[in-house]
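Before any comments, here is the structure.
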There are 4 protein chains.
Amino acid sequence: MKALVLESVNTLSLRDYPIEETLGPYDVRIAINACGICGSDVHYYKEGAIGDFIVKEPMILGHEAAGTIIEKGEKVTHLEVGDLVCMEPGVPNMQAHEVLEGNYHLDKDIVFWATPPVHGCLRENVVHPARFCFKLPEGMSAAEGAMMEPLATGIEAAKKARITPGDIALVTGAGTIGSVVALAALAGGCSKVIITDVKQEKLEIIGAYDNVIAVNINSVNMVDFVMKETDGLGADISIEASGSPKVFPDIMNATRRGGTIVMVGMSNDPVPISMPVLQVRGLKIETLFRYTNTFDRAVAFVESGKIDVKPLITKIFTFDQSIEAYAYAAEGHPDTIKVMIEL
Amino acid sequence: MKALVLESVNTLSLRDYPIEETLGPYDVRIAINACGICGSDVHYYKEGAIGDFIVKEPMILGHEAAGTIIEKGEKVTHLEVGDLVCMEPGVPNMQAHEVLEGNYHLDKDIVFWATPPVHGCLRENVVHPARFCFKLPEGMSAAEGAMMEPLATGIEAAKKARITPGDIALVTGAGTIGSVVALAALAGGCSKVIITDVKQEKLEIIGAYDNVIAVNINSVNMVDFVMKETDGLGADISIEASGSPKVFPDIMNATRRGGTIVMVGMSNDPVPISMPVLQVRGLKIETLFRYTNTFDRAVAFVESGKIDVKPLITKIFTFDQSIEAYAYAAEGHPDTIKVMIEL
Amino acid sequence: MKALVLESVNTLSLRDYPIEETLGPYDVRIAINACGICGSDVHYYKEGAIGDFIVKEPMILGHEAAGTIIEKGEKVTHLEVGDLVCMEPGVPNMQAHEVLEGNYHLDKDIVFWATPPVHGCLRENVVHPARFCFKLPEGMSAAEGAMMEPLATGIEAAKKARITPGDIALVTGAGTIGSVVALAALAGGCSKVIITDVKQEKLEIIGAYDNVIAVNINSVNMVDFVMKETDGLGADISIEASGSPKVFPDIMNATRRGGTIVMVGMSNDPVPISMPVLQVRGLKIETLFRYTNTFDRAVAFVESGKIDVKPLITKIFTFDQSIEAYAYAAEGHPDTIKVMIEL
Amino acid sequence: MKALVLESVNTLSLRDYPIEETLGPYDVRIAINACGICGSDVHYYKEGAIGDFIVKEPMILGHEAAGTIIEKGEKVTHLEVGDLVCMEPGVPNMQAHEVLEGNYHLDKDIVFWATPPVHGCLRENVVHPARFCFKLPEGMSAAEGAMMEPLATGIEAAKKARITPGDIALVTGAGTIGSVVALAALAGGCSKVIITDVKQEKLEIIGAYDNVIAVNINSVNMVDFVMKETDGLGADISIEASGSPKVFPDIMNATRRGGTIVMVGMSNDPVPISMPVLQVRGLKIETLFRYTNTFDRAVAFVESGKIDVKPLITKIFTFDQSIEAYAYAAEGHPDTIKVMIEL
């Protein structure tokens, strides 16, 4: 079938790729309708690796997708052929310890799209377990559906932060992940969110939402700003979504005594943390790796109108333009949040 | 000073009442501008007692209030004369065990307005610790400020429910408390709220809010309705705000396996609970008694626009009409949520 | 194979029962060496039903067991033929929602030994998923191993109570479950446990352990006693293991403000609960249904010496004496905690 | 009164120091009977400062103490003259936000013994709020009572770790704090504790306790050892009590996926943390700063026999030998855990 294949570092082809998938009794086959480009996709494209995950063979990219069910296994009851669904891209080994402990995302053998050596889903169709597919409500587009994957990450961050209703959140980083984190934190119980970045165009997109205060920390001191907005107490929760170690120690000093910092961004360099500051302020650090059980919640928030992801889809390409789309995404336009491919 | 005095059961007078309060260094004196009528006020008025709390001497009523600071103690730094504030009506004994444990609301010696033998605040002015007073933002009225007390209860219920972002809540009872609980649950992270009652007029008021589904259980089976709205799983959290033991066992059967029921309503009659149902469904019961640290959060939600309490203020009287206001409240009009007195 | 079969109410036979089980790749076959008699076994024997679970066909009894692996599936890596293991008797449907949520015990389709129509394991051998089998350490007997099932329940209760180190626990009921709950609460972080019952013989068995204070509430007022032992504050956590609704409201009044009550005992009659008492004391109720991920912890506590289950095995029968053993168990001897059958 | 005074860096005198303390209604006056030497005392003695806390005036040292009540305020009801008590050394400002939030230890204005400019308690007597004094049970010595302060820290660490009954803990560092952390983790619910250090003498003292496995990481690889002891899963909780950044990243790799690391040790140098490792393993970091509400729990554990602190008191001096005691403590003998001064 036709697929976007990463042949080797920096080399993509949109070509026929021989792949045959058997439909199990609990599976569905989905014709892909939309697939977003994630930072990790771009990373594999430009670098060929993320940490220990190294692309050694040609690999189909893409893991943020939505599509239409074209075939279903005999034991699938909650979905029908013709349903538009979004998909959770990781499938754990159900024999893993972590599954019974409620941490299926931590199974080290999880099979996750577009993580070598596992193929992604930017192709004509894909077979997937039905229980990791989520029906989209009437009126929601496939492109919005493809946004459920990053939004599921945002909701996981909000979940890990254990928001107390009315909390004020600080989010560092206003790219796709920072933006969905901000929206999830608001929908998930915060009264307002302060979001920081150094790229003004990105800040303007997320700053246009109600109750989001976008701050360019090129010109404003983050700690001072947060303190002013919080009566000198600091943010109840802080969520790091920039991946830059430079936000430390400011993020610690901007967080309220007894508060929580959630680490979403992945920095390759070690983050130097001053333990006495963490300790005297009574802070804790939660970390995030993908998600568990948040896709249905992402869909519910969009259906309710509490979250609108459409303003974050800033550029749309066709399947035939996939290589161009990746090139565009790799250029890192400051006014671009999510680059979407529609099939 | 002029005050609304409950002289004895069924007998109110609006009269001068000799009361002199000294202003301590951490106190403020507040001229009352608005005071709502709570179910407990009406209960003391009509019955003279709630459980062990018995009105034996004339007592000033009222504990849901907002007003203007007219004098401040020398050590008060975060408030100024002229500020419009709402007030948390209970002041714990700071020597109590429960204070250091973070449960100041459970101090058995807490001094709480209009709980015999402690006078309420439906009077010209009152002295109160500054730390239990919360400045209202620009544009918020005193009547809205007086709504912060019930809303603080709603937020406490949402807090106790430990909402996971995107939860669906069931709220039983659509009076003032059920209504603020519903709004707090939505602002506090739920994607939608199903609220039930048997009074259609009340349901229409709260049902007019976004993402609130109001159900008259005179004509609809609650368990069936909730199951249909939740893909057969049940409400993630259920909050009982009707005070009627009759909602059991339906509320248990309408709650998702592993979910939480928060008991806000106070039923005088024991509630017969089937333990096997609770156990097999893996439910837990949280209880609510007033609030801790939620007034600032109530104010923040109103300031952000995430909660609008104005539609719940369905009837306003002047201070001179106080007795009439209480009579009206005691009649229990189905189209009335909150009766407010403005001074 | 030879098995203890409940033919119909009150009728047991120890006979050959045709049962053939295929060994899957992740399974082991276990020769049973010891099997305890649980209250539920006796209940099916004498009444033929527990709630909706009705014995309609002959059913093999027994679910508290340990045995020796005699065959293993090809994918089993952590166990070997010859290993002595205990077994978690419930196997969830891994497709259930509740599994991915970490609540596999709440799957309504869970297959649990000796719960109609599922056969139990009081028979020569049984096939079971290896991941629900737990290797016993050197020196631990099969009879002790069979005690891991009730102890796993005790540990689940301790887990649900969320013990803060040094808590004082109240446990109501000193049968097998109350006793293992008491031991699990102590090993799990309590500084002492007060356990109550009306049967003096049972109290003497559990009261012989260090830091267990056994109280006969036939002659002592429970609330007064607990208050005296806790400086007037009440038990930090209370665990109900008697199944008698009569312990209410005393158990609520004996629990510290802000504390937790865990409901382990299953009362068929509804328990009348006074909500104002629960609310004013700020109590919460957790419920228990079986266990998740506690068998390895039960084994670890016995291996460490922190829990000794041997004094609770008060009567041992051979497999050939199984019918006699059940008759003995059904008689309810006050000096008997666990009746064990060794094969 | 006679007191051990830090005159300036490296200069101690045991001399009369003029200090007059008024007894308030909720206070007691305590004749000090024993006072341990803490690492922070030694640090002020040798360096004159810890971070921002700088000794500018002569300051009395000591904050780990027990003594006999010699006078009590009129409102003190739970203590009597003659009672032997231990004391929690920090007194928060009850007006602080953090108090009502249950985080009184995070009040930045807390008055804490022997933290400049506040005097310590290594002197004849001291006045202290009764609610921060805890009566010692019959048979417990003043020296044991003085150990309640470090043990309270150990219990706070166990509390922050939120132990699930049966957890296996890793504790890095076997000094006083590491040792009490290990004992608190065991008493607080762990089945066993692996403790590491590079000083063999210290390891032998703590390794002599039941269920403590002491490992010298000079000769053993910590990660390998922990994996072998935990069936390849890692420690459920890890508590860092060495203050050395060198334990990272090993401590992360030795912690079970989904586990918790509690940071107790205070390293002056920033700790370089690899976020991807934390994230992929799903770890969270809790931090510890002193304690809240743990002294009564420390006393209860010693009273119950679940914790024995006597083996940790490795060297005792008289009050007259105080300067010698400090010199000895400052030398850092590898076979010394706690140096105690008896008055």
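The values are calculated or read from the model by the stated rules, or taken from the named source; none is laboratory data. Keep in mind it's a predicted model, so treat the numbers as computed, not measured. Because the Cβ atoms are built from the backbone with ideal geometry, glycine has one as well, and the counts that use them run over all protein chains shown. Only protein heavy atoms, including side chains, enter the accessible area calculation; ligands, DNA and RNA are left aside. Shrake-Rupley method; radii C 1.70, N 1.55, O 1.52, S 1.80 Å.
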In peptide D:157-169, how many Cβ atoms from other protein chains are near each Cβ within 10 Å, on average?
6
Name the chain C residue with the Cβ nearest the axis that maps C onto D: which is it, and what is the distance in angstrom?
C:GLY189, 2
Run the simple label-point estimate for D:GLU204 and C:ILE70 please: 7 Å along Cα→C-beta, distance reported in nm.
5.2 nm
Where the centre of each part is set by its Cα atoms, how far does segment B:184-219 sit from segment B:318-343, in angstrom?
23 Å
Quick one: pull the percent of accessible area on the protein assembly as shown belonging to carbon and sulfur, 1.4 Å probe, ligands and nucleic acids left out.
49 percent
Most mobile of B:ILE32, B:ILE168, B:ILE54 per a Gaussian network model of chain B (Cα springs, under 10 Å)?
B:ILE54
Long-range amide H partners of A:SER267 with built H, under 5 Å
D:MET275
Return the single residue from D:LEU12, D:LEU84, D:LEU106 with maximal mean-square fluctuation; model: Gaussian network over chain D, springs between Cα atoms under 10 Å.
D:LEU106
Helical contribution to [θ] at 222 nm, DSSP H n ≥ 4, -39,500 (n - 2.57), averaged over chain D, rounded to 500
-7000 deg cm²/dmol
Spin-label model distance (nm) - D:VAL111 vs B:MET94, 7 Å beyond Cα toward Cβ:
1.2 nm
Whether segment C:31-111 is rounded, prolate or oblate, judged on the alpha carbon gyration tensor where a/c under 1.5 counts as rounded:
oblate
Rolling a 1.4 Å sphere over the protein heavy atoms, what is the accessible area per residue of segment C:153-287, to the nearest Å²?
30 Å²
Taking a label point 7 Å from Cα toward Cβ, how far is C:ILE70 from its twins in the other copies, in nm, shortest first?
5.2, 7.8, 9.1
Across C:89-98, the residue-averaged tally of Cβ atoms belonging to other chains within 10 Å stands at 3
Label spacing, shortest first and in nm, from D:ILE323 to its equivalents in the remaining copies (7 angstrom along Cα→Cβ)
8.3, 8.5, 9.0
Mind telling me which of B:GLU101, B:GLU201, B:GLU124 comes out most flexible in a GNM of chain B, alpha-carbon contacts under 10 Å?
B:GLU101
Using the beta-carbon distance between C:ASP231 and D:GLU21 and R0 = 25 Å, what value does 1/(1 + (r/R0)^6) give for FRET efficiency, to the nearest 0.05?
0.40
Kindly sort D:THR68, D:THR230 by accessible area of their heavy atoms, largest first, with the probe set to 1.4 Å.
D:THR68, D:THR230
D_trans [Stokes-Einstein, Kirkwood Rh over alpha-carbon pairs] for the protein assembly as shown, 4 °C, 1.567 mPa s, µm² s⁻¹
39 µm²/s
What percent do you get for the relative contact order of chain D when only Cα pairs under 8 Å and 6+ apart count?
18 percent
May I ask you to order C:69-79, D:174-184 by the average number of other C-beta atoms within 10 Å around their residues, highest value first?
D:174-184, C:69-79
Probe 1.4 Å, protein heavy atoms only: B and A together bury a total accessible area in Å², to the nearest 100, of 1600 Å²
Taking every residue of D:116-128, the Cβ atoms of other protein chains inside 10 Å of its Cβ average out to 0
Only bridges with both residues in the protein assembly as shown count here: give the DSSP antiparallel percent, nearest 5.
55 percent
With a ≥ b ≥ c the root eigenvalues of the C-alpha gyration tensor of segment C:224-300, is it rounded (a/c under 1.5), prolate (a/b larger than b/c) or oblate?
oblate
Classify segment B:153-287 as rounded, prolate or oblate, taking a ≥ b ≥ c as the square roots of the eigenvalues of its Cα gyration tensor: rounded when a/c is under 1.5, otherwise prolate if a/b is larger than b/c and oblate if not.
rounded
What ranking, highest mean first, results for peptides A:154-163, C:323-332 when packing means the other Cβ atoms within 10 Å averaged over each residue?
A:154-163, C:323-332
With every protein chain present, what is the per residue accessible area of segment A:1-133 (1.4 Å probe, Å²)?
40 Å²
Burial order of peptide ranges B:209-220, A:267-278, A:295-306 (average beta-carbon count within 10 Å, highest first)
A:295-306, A:267-278, B:209-220
Calculated P(r) tail over 39 Å for chain D, as whole % of Cα pairs
13 percent
Quick one: how many lysine pairs does segment A:1-146 have with C-alpha atoms less than 26 Å apart and a gap of 8 or more or different chains? Give me the count, please.
9
Label points for D:ASN221 built 7 Å along Cα→Cβ; distances to same position in the other copies, nm, shortest first, come to 4.8, 6.3, 6.5
Over the Cα atoms of segment C:247-343, how large are the radius of gyration and the largest Cα-Cα distance (Dmax), in Å?
18.8, 56
